[in-house]
1. For residue 161, all conditions in the list (1) of a type in the set (A, V, I, L, M); (2) within 15 Å of ligand 2 (Cβ to nearest atom); (3) out of contact with any Ser or Thr (no Cβ under 9 Å at 6 or more places or on another chain); (4) under 24 Å from residue 48 (Cβ atoms) hold save one; what is the number of the exception?
2. Select from segment 28-38 the residues that are more than 30 Å from residue 157 (Cα to Cα) and hydrophobic (A, V, I, L, M, F, W, C) and write down the one among them that is most open to solvent (accessible area, probe 1.4 Å).
3. Considering only residues that are more than 16 Å from ligand 3 (Cβ to nearest atom), assigned to a loop (DSSP other than H, G, I, E, B) and crowded, with 17+ Cβ neighbours inside 10 Å, which ones fall in segment 39-56?
4. Here is a list of conditions, (1) open to solvent by less than 10 Å² (accessible area, probe 1.4 Å); (2) of a type in the set (Gly, Ala, Ser); (3) more than 16 Å from ligand 2 (Cβ to nearest atom), and residue 119 meets all of them except one; can you say which number that is?
5. Hey, residue 138 hits all of (1) over 20 Å from residue 117 (Cα atoms); (2) in contact with a Leu (Cβ under 8 Å, 6 or more places away or on another chain) but one; which does it fall short on?
6. Would you be able to say whether some residue in segment 93-114 is open to solvent by less than 10 Å² (accessible area, probe 1.4 Å), more than 21 Å from residue 135 (Cβ to Cβ) and under 13 Å from the mean Cα position of the chain (by Cα)?
7. Contact list please: Cβ distance under 6 Å, first residue in segment 44-60 and within 14 Å of residue 16 (Cβ to Cβ), second residue outside any loop (DSSP other than H, G, I, E, B) and near ligand 3 (Cβ under 9 Å from one of its atoms), pairs at least six apart or on different chains.
Amino acid sequence: MSVAKKEYKRITTKSLVDMKANGEKIAMLTAYDYSMAKIVDGAGIDVILVGDSASNVMAGHETTLPITLDQMIYHATSVVRAIDRSLVVVDLPFGSYQSDPKEALRSAIRIMKESGAHAVKLEGGKEIKESTKRILHAGIPVMGHLGLTPQSIYKFGTYTVRAKEEEEAEKLKSDAKLLQKLGCFAIVLEKVPAKLAKEVAESLTIPVIGIGAGNGVDGQVLVIHDMLGMTHEFNPRFLRRYADLHSEMTKAFQNYRDDVKSQDFPSENEQY
Ligand SMILES: Nc1nc(=O)c2c([nH]1)NC[C@@H]1CN(c3ccc(C(=O)N[C@@H](CCC(=O)O)C(=O)O)cc3)CN21
Ligand SMILES: CC(C)C(=O)C(=O)O
Ligand SMILES: [Mg+2]
């Protein structure tokens, strides 16, 4: 069991690199709105990711591709208002950084300026080198994201584990090194073999935060609706559920419905 070794009043990108150096694992969760972020921050979660998974869990899209920069900024702004301690990282959505480095920088600046978030995350390695450089040169911290990159789902066609073959594993390793060299403060590694993820984490000084990447990395991230058991039809092997909110909420809604229908609610004490 690993517990916090050092008190951090406010988490910065520097604190995360520090945690890795001290062997303290990093706990990261997504959040997309004020109320949820308030609870996550209060619980001591180190990093809050305003993920483009909002496209799935908030808006009901099948992929992360449709969510817009304006929508990401709306989610990020709501999250930032709730924060006292956590570091807030925001996904640059599909289409907001792939065309050219100038557009990438403009998108990152909009997120930082309009939401007050602390960092941005981009999917990819070598392909987005120039964009990453430009954003970093503007003083905006960047988190990388390698392995399963959901914004390229149509290139791959499936959400299966990535980098099982030597060639893809070699590319991943060199992409990770490149991102560190450019100045990224951390990297998310999604759905890759645990052995490879451990090797990558051990080869870098910046933290590697895994999702479906095993226990040899420097931290973990999960989508909050998944770990709360709200997305009960989503069942990947890497997911651990820490609550069964789908059934808790269903029970609450059914009880409320029954109380309204039977006129049990509101009672004498619940009216004026
Ligand atoms: N609710 C939610 N949770 C996530 O973790 C998440 C999102 N949405 N949306 C954006 C991406 C997409 N991600 C995914 C999507 C699917 C799998 C997955 O393992 N799917 C299948 C297996 C697919 C296969 O092997 O072909 C599964 O077992 O559920 C993992 C991560 C991670 N992100
Ligand atoms: C799954 C995490 C890493 C993510 O990118 C998201 O939630 O959008
Ligand atoms: Mg994402």
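1. Every condition holds for residue 161 apart from (4).
2. Only one residue tops the list, namely 36.
3. 45, 46
4. So the condition that residue 119 fails would be (3).
5. That leaves (1) as the condition not met.
6. Scanning segment 93-114 turns up no residue that is open to solvent by less than 10 Å² (accessible area, probe 1.4 Å), more than 21 Å from residue 135 (Cβ to Cβ) and under 13 Å from the mean Cα position of the chain (by Cα).
7. Close Cβ pairs (under 6 Å, with a partner that is outside any loop (DSSP other than H, G, I, E, B) and near ligand 3 (Cβ under 9 Å from one of its atoms)) amount to 49/30.
Conditions tested, residue by residue: (1) out of contact with any Phe, Trp or Tyr (no Cβ under 7 Å at 6 or more places or on another chain); (2) within 16 Å of ligand 2 (Cβ to nearest atom); (3) modelled with pLDDT of 95 or more; (4) among the aromatic types (Phe, Trp, Tyr).
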position	(1), (2), (3), (4)
68	yes, yes, yes, no
92	yes, yes, yes, no
103	no, no, yes, no
107	no, yes, yes, no
125	yes, yes, yes, no
155	yes, no, yes, no
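The values are calculated or read from the model by the stated rules, or taken from the named source; none is laboratory data. Just so it is clear, the structure is predicted and the values come from calculations on it, not from any experiment. Every residue, glycine among them, receives a Cβ derived from its backbone with ideal geometry; neighbour counts consider all protein chains shown. Side chains are part of the model used for accessible areas, which takes the heavy atoms of the whole protein and leaves out ligands, DNA and RNA. Shrake-Rupley method; radii C 1.70, N 1.55, O 1.52, S 1.80 Å.
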